[in-house]
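The structure under discussion appears below in the form of structure tokens.
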Amino acid sequence: MKAPEPVQVVKERRDRTLQSLIDGVPYIQFLGIRFDRRGDELTAILPYDDKLIGNPMLPALHGGVTAAFLETAAIIELSWAMIWEDMESGGNVDLAPRRLPKTIDFTIDYLRSGLPRDAYARARVNRSGRRYASVHVEAWQDNRARMFAQATAHFLMPAREG
Amino acid sequence: MPTDEDDAQAQRRITIARRFIEAIPHAQVMGMTLTEIGDGEAEIAMPYDARFVGDPETGVIHGGAVSTLMDTCGGAAVMSHPAAPHGTATMDLRIDYMRAATPGQRITARAVCYHVTRSVAFVRATATDEDTDNPVATATGAFTVEGGPS
């Protein structure tokens, strides 16, 4: 029987694969979005920056920044879910830039204004078919139980080879 | 018939709306310029910028950057409406992405605030690149109306 892979080998492969989804995207770097991983669970993190402000009087995060943050969390979660099986079966996952799901539509619900603090988001793939996927995202700041925005998005899946 | 006073009020409203939009830090960072504003309508342009790319394989701008443009433009349309809200915030926004914006081209959003109640402003918006006959995205949204007309 094959011995289980050492944990650091598994972690290193998962982190490298996740990073390959994010590194190549200039807009993710521009907004400063990072991802925290616990097993297969991802949390998107948007560290606060003055340039993200939309209303300087309140001040509040720009609604467009919140939308972009949630859309990014959804796309990365969906891409991550797509490659998880291949990655876990130990096979070498191709780390070259890959085709990303395309957003068909995106609906965002602003529940309260975004404070000048770090923001967090988690996405859940509610349906993932061969062609279409539906993803829901929740975002919060200081309290996990108090969402400041939620969104639902539909995506067109990239064509699979073979 | 519009009186001189109505005209002066409209001018004042448009000046306030223009200042409101031009004071948004994130809109400045993204290089947005207000190209038209008046009576519940606004047009804002955003230049192509390599920092806004969402798909490195194709150089296509990220949907989030288009959302930010649409949201900003929607807010500008609300602020310029004759019902003259003293401020506004987005309640919800739905964006439909019809096609990828052509890399290298500026994106222009046009928004119309087509109905305002005491509490809510309703907005439609369209984004195009240089091929203005084929929209890149459309949006509909509801915005809050802060502090009614005095």
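The values are calculated or read from the model by the stated rules, or taken from the named source; none is laboratory data. All values reported here derive from a predicted model rather than from experimental measurement. Please note: Cβ atoms are built from the backbone with ideal geometry, for glycine as well, and neighbour counts cover all protein chains shown. Ligands, DNA and RNA are stripped out before the accessible areas are found, and what is left, the full protein with its side chains, is counted by its heavy atoms. Shrake-Rupley method; radii C 1.70, N 1.55, O 1.52, S 1.80 Å.
Each Lys or Arg adds one and each Asp or Glu takes one away; over the other residues whose Cβ falls under 9 Å from the Cβ of B:Tyr97, this sums to 0. What a 1.4 Å probe finds exposed on the protein assembly as shown is 50% carbon and sulfur by accessible area, rounded to a whole percent. The orientation-averaged projected area of the convex hull spanned by the Cα atoms of region A:14-90 comes to 5.3 nm². Farthest toward the positive end of the dipole of region A:7-156, out of A:Phe35, A:Gln150, A:Pro47, is the Cα of A:Gln150, where the dipole comes from beta carbon charges about the Cα centre. Normalising the Debye intensity of the protein assembly as shown to I(0), with uniform scatterers on Cα atoms only, and taking log10 at q = 0.07, 0.11, 0.14, 0.16 Å⁻¹ returns -0.29, -0.67, -1.02, -1.30. Each of B:Pro103, B:Thr88, B:His62 was scored by the projection of its Cα onto the charge dipole of chain B, and the greatest displacement toward the positive side belongs to B:Thr88; charges sit on the C-beta of Lys, Arg, Asp and Glu. Accessible area per residue for region A:7-156, computed on protein heavy atoms with a 1.4 Å probe, is 47 Å². Nearest 10 degrees is fine. How inclined is helix B:63-79 to the longest principal axis of chain B, computing both from alpha carbons? Between the helix axis and the principal axis of chain B, the angle is about 10 degrees.
Given +1 at the Cβ of Lys and Arg, -1 at the Cβ of Asp and Glu and no other charges, the dipole of region A:7-156 around its Cα centre is 200 debye to the nearest 20. Accessible-area rank, largest first, for B:Met98, A:Met147, A:Met87: B:Met98, A:Met147, A:Met87, with all protein chains present and a 1.4 angstrom probe. To the nearest ten degrees, helix A:63-88 and the longest principal axis of the Cα atoms of chain A are 10 degrees apart. Under the convention that each Lys and Arg Cβ holds +1 and each Asp and Glu Cβ holds -1, the size of the dipole of the protein assembly as shown around its Cα centre is about 920 debye.
Mean residue ellipticity at 222 nm, helices only, chain A: -10000 deg cm²/dmol; runs of at least 4 DSSP H residues each add -39,500 (n - 2.57), and the sum is divided by the number of residues.
Chain A contacts chain B over a buried accessible area of about 2400 Å², both sides summed; the probe is 1.4 Å and only protein chains count.
Based on alpha-carbon atoms, the Kirkwood radius and the radius of gyration of region A:7-156 give Rg/Rh equal to 0.98.
By a 1.4 Å probe calculation restricted to protein chains, B:Arg106 has an accessible surface near 120 Å², given to the nearest 10. Sorting B:Thr144, B:Thr35, B:Thr128 by solvent-accessible area of protein heavy atoms yields B:Thr35, B:Thr144, B:Thr128, largest first, with a 1.4 Å probe.
Of the residues making up region A:1-37, those losing 40 Å² or more of accessible area when the isolated chain is joined by the remaining protein chains, with a 1.4 Å probe, are A:Pro26, A:Tyr27, A:Phe30.
Helical runs (DSSP H, four residues minimum) scored at -39500 (n - 2.57) apiece and divided by the length of chain B put the mean residue ellipticity at 222 nm at -9000 deg cm²/dmol. Quick one: Cα centre-to-centre distance for region B:66-84 and region A:35-96, in angstrom? Taking the Cα centre of region A:35-96 as reference, the centre of region B:66-84 is 27 Å away. Ligands, DNA and RNA excluded, the heavy atoms of A:Arg112 present near 100 Å² of accessible surface to a 1.4 Å solvent probe. Relative to the dominant Cα principal axis of chain A, helix A:7-23 is inclined by about 50°. Assuming charge only on the beta carbon of Lys and Arg (+1) and of Asp and Glu (-1), the dipole of chain B about its Cα centre is about 380 debye to the nearest 20.
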